[in-house]
1. Please give the solvent-accessible surface of E254 in Å², to the nearest 10, using a probe radius of 1.4 Å with every protein chain present.
2. Out of residues 5 or more away from F7 or on other chains, whose amide H comes under 5 Å of its own, with H placed 1.01 Å from N in the peptide plane?
3. Counting only protein heavy atoms and using a 1.4 Å probe, what share of the accessible area of region 161-232 belongs to carbon plus sulfur, as a whole percent?
4. Three principal axis extents, largest first, for the C-alpha atoms of region 155-303, in Å?
5. Normalised by the number of residues in region 121-243, what is the relative contact order in percent for Cα pairs under 8 Å and 6+ residues apart?
6. Report, to the nearest whole %, how much of the accessible area of region 1-157 belongs to carbon and sulfur atoms, 1.4 Å probe, protein only.
7. With respect to the cross-link table entries K130/K205; K42/K110; K189/K229; K42/K97; K97/K229; K189/K241, which display a Cα-Cα separation exceeding 22 Å?
8. Please work out the FRET efficiency for the pair A75 and S296, using the Cβ-Cβ distance as r and a Förster radius of 22 Å; give the result to the nearest 0.05.
Amino acid sequence: MRNEVIFDNRGIPDIMVVFTPDELGLPAEIRGKAVKEYAISKYPNTLIGGVPYSMPYQQPAVNINHDEAIRICEAKGPGWHLLTNDEWAALAHQSRKNGTLPRGNTDCGKSHSHPEETGTTYKDASGSSKTLTGSGPETWNHTHTAEGVADMCGNIWEHVGGIRFMDGQVQVIPDNGAAAGADQSRDSKEWQAIHTADGDPVYYKVEDGEISLQPVTPDCKDYDGVEFKELSAEAMDVPEKLIELGLYPAPGYEGTDYFWLDTDGERIVLRGGPWHSGAAAGVFAFHGYSSRARVSWGVGFRSALVRYSGDSGDLDNLDSKEQPEPEQTEAADPAETLSGLVRLVLAHQLTELYRAAGGADPDSFSRMAYEADDKEIQKAAALAFPLSQVNTAVELYRNVSQQLKIANTLTVTIGKEAADHE
């Protein structure tokens, strides 16, 4: 595992956490292509010009429906996709195995169980007490270190791809195929049910305040929630795949994360829990209430990237064999490495804003941004998102004004030609 700055097809950086398939227990091959690495957004994504990015100290993007989250993640370039449930569950199991289940913003800006742990809050139109991405302590990362994936517990629910429920039946895009451009539409033929060893499909039944597994379609349609550890399966043997995908508790799991499900029609899946959910939030928290069209102030997402063996890792997919082997150097201190990544991303982002505003010396500004101290970086980061929104609005105004000028000129020209013709 390492942190890396990766530039998308617009040349804007994301801070990503990069894993080998073995490190996460994810497929080493997707659709016939050997996977070299999985790169996961370190932070819930923010939007810049309608494009998602993984950056620290930003307001996480919300009010994005499921299909739009898939579309804008895949539009970032080859290999980019909405984080899949396979990938989310792999991170959750890694945390559980290592004893580092993350805490987070579960009580309006602080951890409900450790109120001394706080993040930087902000107020949006919903009036909620969300925190800026990555602004909490290291225990809010999935490894309890500076290098881990941040904010998987609380703050906002997050869309995940490659999974849905249809009338209580769990269906998936197998072998993490959703990370490679699989059709995830409602009518896609790629959805497959999960089966028991005897070949029976798995259904979840919600009734009388309980959620249980069974091999046949539930007689009734209902919705409710229970603690994840309270899911039951007396009517069938639990397929190991359900545990792997975070859909049924592993033996001995005693967390308080909640599992919510509606068995009426198609339901997409959210993970993590919101800022006010207390003990019900967590990396195994599950939300299966929403239609794919629903948007909410409490729901966001994060992108991920698959790199395949034989690719250089850049956007041109050059053969890595043509690239020289990197020189072996002494490993840098992880905290310094992460700090450098953060500074690089913020320096780039702030310099672009400076240049767009007509700044006369972007090179000097970039150097100043990179050399700023921690407090200056935090303040600048908190301002970067609203400034980018203002810049986008200004650019839109300029474009509209230019179009109006062209339209007026065209009208005058046509009018003159019509008069001459008469």
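1. 130
2. D14
3. On the way: 1230 of 3270 Å².
Carbon and sulfur together cover 38 percent of it.
4. So the three principal-axis extents are 41, 35, 28 Å.
5. On the way: 169 pairs, mean separation 17.3, N = 123.
Contact order relative to length: 14 percent.
6. Details: 2530 of 5190 Å².
Ligands and nucleic acids excluded, carbon and sulfur give 49 percent.
7. Numbers: K130/K205 33 Å; K42/K110 20 Å; K189/K229 32 Å; K42/K97 20 Å; K97/K229 16 Å; K189/K241 20 Å.
As for pairs spanning more than 22 Å Cα to Cα, those are K130/K205; K189/K229.
8. Values: r = 22 Å, r/R0 = 1.00.
The value I calculate is 0.50.
The values are calculated or read from the model by the stated rules, or taken from the named source; none is laboratory data. Keep in mind that what you see is a predicted model, and the values were worked out from it rather than measured. Methodologically, a virtual Cβ is constructed for each residue, glycine included, from the backbone with ideal geometry; neighbour enumeration extends over all protein chains shown. Side chains included, ligands, DNA and RNA excluded: accessible areas come from the protein's heavy atoms. Shrake-Rupley method; radii C 1.70, N 1.55, O 1.52, S 1.80 Å.
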